[in-house]
Amino acid sequence: MLGNFFKKPEATDSDRVPPGQYLTNGFPVLTYGDTPHISTNEWQFRVFGLAQPKTFTWSDFMSLPQHEFTKDFHCVTRWSKLDVQWTGVKVTDFMKLVKLDPKATHVMQHCYGGYTTNLPLEDFLRQENFFAHKLFGEPLPADHGGPMRLVVPHLYAWKSAKWINGLEFLDHDELGFWERNGYHRRGDPWKEERYGGL
Ligand SMILES: Nc1nc2c(c(=O)[nH]1)N[C@H]1C(S)=C(S)[C@@H](COP(=O)(O)O)O[C@H]1N2
Ligand SMILES: [Mo]
């Protein structure tokens, strides 16, 4: 039924593929609702909640150190894509510009289009998390979250917000869009934290 598109992992890759996942060579688009089309000129990024409120522009992000990231990507609907190549800004570098209130323990990602997804700070403030604006060397296409998305490689991909436009810092956990609709509040693919973790 799955044909050639979804494959059982090769032995060499199997240790990189979380339980219950299948490899895809394509890069499926998974969006709830319409794709927003935002130019880099109009794109704005807002920090609010338990942090000093601040609005950032595209050039603020471009003046931060730029890195290449090659990461595996795991969707809870069971496809995984290995070695996705992104370019962008480390969350830890961006966060040097943010004055966090020490009471902050969690963050809600906000997006153009209204999607949200929540993270505890220990899952957010990791060296390997980044804001991505290029995919395989090209500007990030709108359907994959361009002009800017977050990528959180160690969790299921619904935690990687497309069209991200803000971070809300909180002193408690709140549920984002899919988490309110039955997905797990954390989403570790190695533990198969798929659904119903409330
Ligand atoms: N804003 C927004 N971000 C989102 C989504 C969405 O619907 N809206 N879907 C999530 C889900 S379920 C997945 S699997 C990935 C898919 O990313 P892709 O479309 O680039 O493959 O984006 C995540 N980020
Ligand atoms: Mo997903």
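The values are calculated or read from the model by the stated rules, or taken from the named source; none is laboratory data. Because the structure is predicted, anything quoted here is derived from the model rather than measured. Virtual Cβ from ideal backbone geometry, glycine too; neighbours counted across all protein chains shown. Accessible surface is based on the protein model in full, side chains and every heavy atom, while ligands, DNA and RNA are left aside. Shrake-Rupley method; radii C 1.70, N 1.55, O 1.52, S 1.80 Å.
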Gaussian network model of the chain, Cα within-10 Å springs - most flexible of Pro147, Pro53, Pro120: Pro53
Cα convex hull of the chain, projected area averaged across orientations, nm²: 11.2 nm²
Region 31-127 pair-distance distribution - Cα-Cα, 10 Å bins, rounded %: 12, 37, 42, 9
DSSP-assigned coil residues among chymotrypsin sites (Phe, Trp or Tyr not before Pro) in region 11-54, each with at most 15 further Cβ atoms within 10 Å: Tyr32
Kirkwood Rh, angstrom, region 76-176 [1 / mean 1/r, Cα pairs]: 14.0 Å
Inter-site label distance for Lys99 and Ser63 at 7 Å from Cα along Cβ, in nm: 1.8 nm
Inter-label distance, nm, simple model (7 Å from Cα along the C-beta direction), Glu10/Tyr32: 3.6 nm
Within the chain, longest stretch free of exposed GluC sites (Glu not before Pro) [DSSP loop, at most 12 other beta carbons within 10 Å]: 43-198
Sequence-separation-based contact order of the chain, relative, with Cα cut under 8 Å and 6+ spacing, percent: 22 percent
Probe 1.4 Å - accessible area at Ser160, Å² to nearest ten: 10 Å²
Entries of Lys71/Lys159; Lys54/Lys159; Lys7/Lys162; Lys71/Lys99; Lys99/Lys134; Lys90/Lys191 with Cα pairs more than 19 Å apart: Lys54/Lys159; Lys7/Lys162; Lys71/Lys99; Lys99/Lys134; Lys90/Lys191
Along principal axes, Cα extents of region 121-167, largest first, whole Å: 30, 20, 16
